[in-house]
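Participant: Okay, handing you the structure first.
The values are calculated or read from the model by the stated rules, or taken from the named source; none is laboratory data. Not measured: the values here are computed from a predicted model. No Cβ is skipped: glycine too gets one built from the backbone with ideal geometry, and neighbour counts run over all protein chains shown. Quick note on the areas: whole protein, heavy atoms, side chains included, nothing else; ligands and nucleic acids left out. Shrake-Rupley method; radii C 1.70, N 1.55, O 1.52, S 1.80 Å.
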Amino acid sequence: MYADIYARSVRDPQGFWGEAAQAITWYKSYEKVLDDSNKPFYRWFSGGQLNTCYNALDRHIEAGRGAQLALIYDSPVTQTQRSYTYAQLREAVALFAGALAQQGVRKGDRVIIYMPMVAEAVIAMLACARIGAVHSVVFGGFSAQELTTRIDDAKPRVMVAASCGIEPNRVVHYKPLLDRAIEQASHKPERCIILQRPQEPGTLVEGRDIEWNDAIAQASPHECVPVEATDPLYILYTSGTTGKPKGVVRDNGGHAVALHWSMKHIYGMQPGEVFWAASDVGWVVGHSYIVYAPLLYGCTTVVYEGKPVGTPDPGAFWRVISEHKVSVMFTAPTAFRAIKREDPRAQHLKNYDMSHFRALFLAGERCDPDTLTWAQVMLERPVIDHWWQTETGWGIAANFLGIETLPVKVGAAGKPVPGYNVHILDDDGHEVPATQMGRIMVRLPLPPGCLPTLWNNDERYVSSYLSAQPGYYLSGDSGYFDEDGYLYVMGRIDDTINVAGHRLSTGAMEEVLASHHDVAECAVIGVADELKGSLPLGMVVLKNGVKRDTDELRKELVNLVRDRIGPVAAFKLVTVVDRLPKTRSGKILRATMRKIADGEAFQMPATIDDPMILEEIQQAMQTIGYAAKEKDI
Ligand code: COA
Ligand code: AMP
């Protein structure tokens, strides 16, 4: 039962994860399950050697799964479908691994992958893993500037990109964005391998770029290269509170063990079944549950290049589930809000055979009770909200279809996952009783699979996550346990916001707005949005004497954020104010402004320097459709 398994995992992590590690094939067995010789930098399976790609592909073929489907590419935006058996996927991966090696990529080298949801993105990731190179996938909705930041931090030897991506309303010009990013970067990759897509082929830069097809035509298949369990498999950048993203590092050994364990125990999967995470390979959900976990466990994964609505209709998810016989699906609540908005009675569901479908998992943002209940009623299946982060790489709190399906409580993200010793602490580090809100923390060591550090930045790892309370990992989320031990995750305690399940930094947006020549100061807050959960809203104060047409200025500011951070920031709301509300010591009262925007009750901060400003702020927000009009400040 869950309670016993959980208790054992925190009492005896060595024994618990040592047993789980038996499911992975090692070239050389580890010397220690948990290496705590350099606290607070805990390492899992030190001394062990393995290859993640071998565990995801080759060993299944050796065990007789070669003819089973490993990957189904389903792309309504290009009206294409293609599938790969395990044998075919290994062939493609081994060949591309050979191509990377031929272009000079060696074990430990970094490779940045900038690609949309195409099968080649997965092939490129696994090919890196095969030769022990460290991939860093950058989401296509980010700007050239964001790509530049990642190039300069990861210093890739080679970059792999597609010529374009397809959004329902436009073509995303990956190749020009790539060229601009490299031009702006101080570090220059030696080679770019470009997947030419017929919708918009890119222009190659002579001497630097090579076409994907040419690269593989010259290559021969590469074998798996053994790596240390503690060697990095990938770097994935995530928003911090400043403009500089954090390079979350994932190791090979702990990651393989944890993800393999999770497929059975959390998601209740069996090898041979179809698992579908409707996310993007640019996010952690894509890394873990489109690519690695389903393949490590011998399942079939779906790479879906489309949206929940509009490609072509709100029945798109049901079509994929029925056509590919998906057993378990994973996506963000925002996707279901989009479907619910267009097809509130789920009429499209009637057209599809959902008989293989067992459960829906949601994560990425807080799931509002309405959406969860709607999905439960329409699907007549367990709908499970579970909580996790880029840093952990897999669930911290969940339900456990492969252990014991706990009753679902609407609003809760389940109970702590075995291995995560979760506590709620107040600002002074004291544990708070059930039902009381506090900071959600995890007592060290974190289980396998979680970040061992940040890329080339142990210091930032410690200061961001481990120094708030010695001996604990600071999740950055607030929440509480109820009397039954269910965890309620209520929101971030830092300046990051969740827009359509994507974590974004309001601090980074403020840096962009502040760089505009007419802006003296600014604030960006997250305000509630029915579809995307929250949206960024900017308020700017102009420099003395500057007079600007407000609409024109707004356009400039919106374009500036789109250009520097990317369309994914969904930055469209901005207003000009005469001044910002501050405390007497000069701190901007963002939380109070957020409450005004969302029409929530708030107490006048005792330290505010001029209460009248709040009325001005409310009026400014009303001009762009925000803030409850009747709010009595
Ligand atoms: N490449 C380039 N641009 C992208 C992109 C990508 N991979 N993904 C999104 N964008 C763009 C969109 O085109 C949009 O641009 P626009 O301002 O020109 O319209 C912008 O980024 C904002 O995108 P998004 O927030 O996704 O909004 P949307 O209105 O396009 O779609 C949903 C809304 C709900 C349909 C969409 O967010 C969705 O499908 N979510 C599914 C859940 C998910 O992927 N979660 C990830 C973590 S699990
Ligand atoms: P990311 O690293 O971008 O996946 O974002 C992780 C953050 O998303 C978490 O720290 C939470 O703030 C939020 N989040 C993810 N899953 C949930 C959930 N089930 N409930 C509430 N918040 C969530």
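Participant: Can you compute the FRET efficiency between Asp563 and Ser463 using 1/(1 + (r/R0)^6), with r the Cβ-Cβ distance and R0 = 25 Å? Round to the nearest 0.05. Display every interim value, and only then the final one.
Facilitator: Numbers: r = 30 Å, r/R0 = 1.21.
About 0.25, to the nearest 0.05.
Participant: Continuing with the same structure: Quick one: if you stick a label point 7 Å off each Cα along the C-beta vector at Val377 and Gln218, how many nm between them?
Facilitator: So the two model labels end up 6.1 nm from each other.
Participant: Just the number, please: percent antiparallel of the DSSP beta bridges in the chain, rounded to the nearest 5. Don't skip to the answer; put the middle values down first.
Facilitator: Values: 58 of 96 bridges.
The answer is about 60 percent antiparallel.
Participant: Here is a further query. Using only the Cα atoms of the chain, construct the convex hull and provide its projected area averaged over every direction, in square nanometres to one decimal.
Facilitator: Details: hull surface 111.4 nm².
Mean shadow area of the hull around the Cα atoms is 27.9 nm².
Participant: May I pose another question? Dipole size in debye (nearest 20) for the chain around its Cα centre, Lys and Arg Cβ +1, Asp and Glu Cβ -1?
Facilitator: On the way: 64 positive and 75 negative charges, 130 e Å.
About 620 debye.
Participant: Another question, then. Taking the dipole about the Cα centre of the chain, with the C-beta of Lys and Arg at +1 and of Asp and Glu at -1, give me whichever of Thr148, Leu69, Phe41 is farthest to the positive side.
Facilitator: It is Leu69.
Participant: Semi-axes of the range 136-255's equivalent ellipsoid from the Cα gyration tensor, sqrt of 5 times each eigenvalue, largest first, rounded to whole Å?
Facilitator: Values: eigenvalues 117, 91, 40 Å².
Rounded to whole Å, the semi-axes are 24, 21, 14.
Participant: Write down Rg/Rh for the range 500-629, rounded to two decimals, with Rg from the C-alpha atoms and Rh from the Kirkwood relation over Cα pairs.
Facilitator: Numbers: Rg = 14.1 Å, Rh = 15.0 Å.
Ratio of gyration radius to Kirkwood radius for the range 500-629: 0.94.
Participant: Could you tell me which of rounded, prolate or oblate describes the range 15-90, using a ≥ b ≥ c as the square roots of the eigenvalues of the alpha-carbon gyration tensor, with rounded for a/c under 1.5 and, failing that, prolate when a/b is larger than b/c and oblate otherwise?
Facilitator: Values: a/c = 3.75, a/b = 2.12, b/c = 1.77.
Prolate shape, in that a/c is at least 1.5 and a/b is the bigger ratio.
Participant: Rounded to the nearest 0.05, what FRET efficiency is calculated for Ala520 and Arg180 with R0 set to 22 Å and r the Cβ-Cβ distance?
Facilitator: That gives a FRET efficiency of 0.15.
Participant: Val410: accessible area at probe 1.4 Å, nearest 10 Å²?
Facilitator: Result for Val410: roughly 60 Å² accessible.
Participant: Once you have the Cα-Cα distance between Arg341 and Val171, take 0.36 nm times their residue separation minus that, and quote the gain in nm to one decimal.
Facilitator: Numbers: separation 170, 0.36 × 170 = 61.20 nm, distance 2.54 nm.
So the extension gain works out to 58.7 nm.
Participant: Here's another thing I want to ask about it. Taking just the C-alpha trace of the range 405-521, give me its Rg and Dmax in Å.
Facilitator: 16.9, 56
Participant: Moving to a separate point now. Give the whole-number value, in cubic angstrom per residue, of the convex hull volume spanned by the C-alpha atoms of the range 468-539.
Facilitator: On the way: hull volume 9.2 nm³, N = 72.
Cα-based convex hull of the range 468-539, divided per residue, equals 128 Å³.
Participant: With a 1.4 Å probe and every protein chain left in place, tell me how much accessible area Lys39 has, in Å² to the nearest 10.
Facilitator: Estimated to the nearest 10 Å², Lys39 gives 130 Å².
Participant: Whole-Hz ³J(HN,Hα) for each residue in the range 300-306, computed from phi via Karplus 6.51 cos²θ - 1.76 cosθ + 1.60 with θ = phi - 60°, x for glycine and proline: what do you get?
Facilitator: Karplus values, whole Hz, x for Gly and Pro: 9, 10, 10, 9, 10, 9, x.
Participant: To the nearest 0.05, how large is the calculated FRET efficiency for Glu91 and Met354 if R₀ is 30 Å and r is the Cβ-Cβ distance? Let's see the in-between values first.
Facilitator: Values: r = 33 Å, r/R0 = 1.11.
Using R0 = 30 Å, I get an efficiency of 0.35.
Participant: What's the extension gain from Gln622 to Ala601 if we count 0.36 nm per residue and subtract their Cα-Cα distance? Could you put the intermediate results ahead of the total?
Facilitator: On the way: separation 21, 0.36 × 21 = 7.56 nm, distance 1.66 nm.
Residue separation times 0.36 nm, minus the Cα-Cα distance, leaves 5.9 nm.
Participant: Largest first, please: the extent of the C-alpha atoms of the range 293-377 along each principal axis, to the nearest Å.
Facilitator: 35, 29, 23
Participant: Using a 7 Å offset from the Cα along the Cα-to-Cβ direction at both Ser478 and Gln68, what is the distance between the two label points in nm, to one decimal?
Facilitator: The modelled label-to-label distance comes out at 4.6 nm.
Participant: List the GluC sites (Glu not before Pro) in the range 547-623 that DSSP assigns to loop (not H, G, I, E or B) and whose Cβ has at most 16 other Cβ atoms within 10 Å. Which are they?
Facilitator: Glu600
Participant: Moving to a separate point now. When a/c reaches 1.5 or more, the comparison of a/b and b/c decides; with that in mind, is the range 57-208 rounded, prolate or oblate per its Cα gyration tensor? All intermediate terms of the calculation are to be shown ahead of the outcome.
Facilitator: Numbers: a/c = 2.24, a/b = 1.29, b/c = 1.74.
Here the range 57-208 falls in the oblate category.
Participant: Determine the gain in length on full extension of the stretch Val546-Glu323; use 0.36 nm per residue of separation and subtract their C-alpha separation, reporting nm with one decimal.
Facilitator: 74.4 nm
Participant: On to the next question. What is the range 62-102 by shape, rounded, prolate or oblate, if you read a ≥ b ≥ c off the alpha carbon gyration tensor as root eigenvalues and call it rounded for a/c under 1.5, prolate for a/b larger than b/c, and oblate otherwise? Walk me through the numbers before you get to the answer.
Facilitator: Working: a/c = 4.60, a/b = 1.23, b/c = 3.75.
Judged from the Cα gyration tensor, the range 62-102 comes out oblate (a/c at least 1.5, b/c at or above a/b).
Participant: OK, next. For a label point 7 Å from the Cα of Arg579 along Cα→C-beta, name the residues of the range 593-629 whose backbone N is under 17 Å from it.
Facilitator: The answer is 593, 605-620, whose backbone nitrogens lie closer than 17 Å to the label point.
Participant: If you don't mind, another one. Describe numerically, in nm with one decimal, the distance between label points set 7 Å from Cα along Cα→Cβ at Arg208 and at Lys39.
Facilitator: Once both label points are built, they end up 4.8 nm from each other.
Participant: List the GluC sites (Glu not before Pro) within the range 134-219 that fall in a DSSP loop (any state other than H, G, I, E or B) and whose Cβ has at most 14 other Cβ atoms within 10 Å. Present the calculation step by step, with values, prior to reporting the outcome.
Facilitator: On the way: sites: Glu146, Glu183, Glu190, Glu206, Glu211; in loops: Glu190, Glu206.
Qualifying residues, ordered by number: Glu190, Glu206.
Participant: State the Cα centre-to-centre distance between the range 320-351 and the range 112-137 in whole Å.
Facilitator: Between the Cα centres of the range 320-351 and the range 112-137 lies a distance of 28 Å.
Participant: Further question on the same structure: Starting from the amide H of Leu71, placed 1.01 Å from N in the peptide plane, find each other amide H under 5 Å away whose residue is 5 or more places distant or on another chain.
Facilitator: Residues meeting the criterion, in which the H sits 1.01 Å from N, are Tyr84, Thr301.
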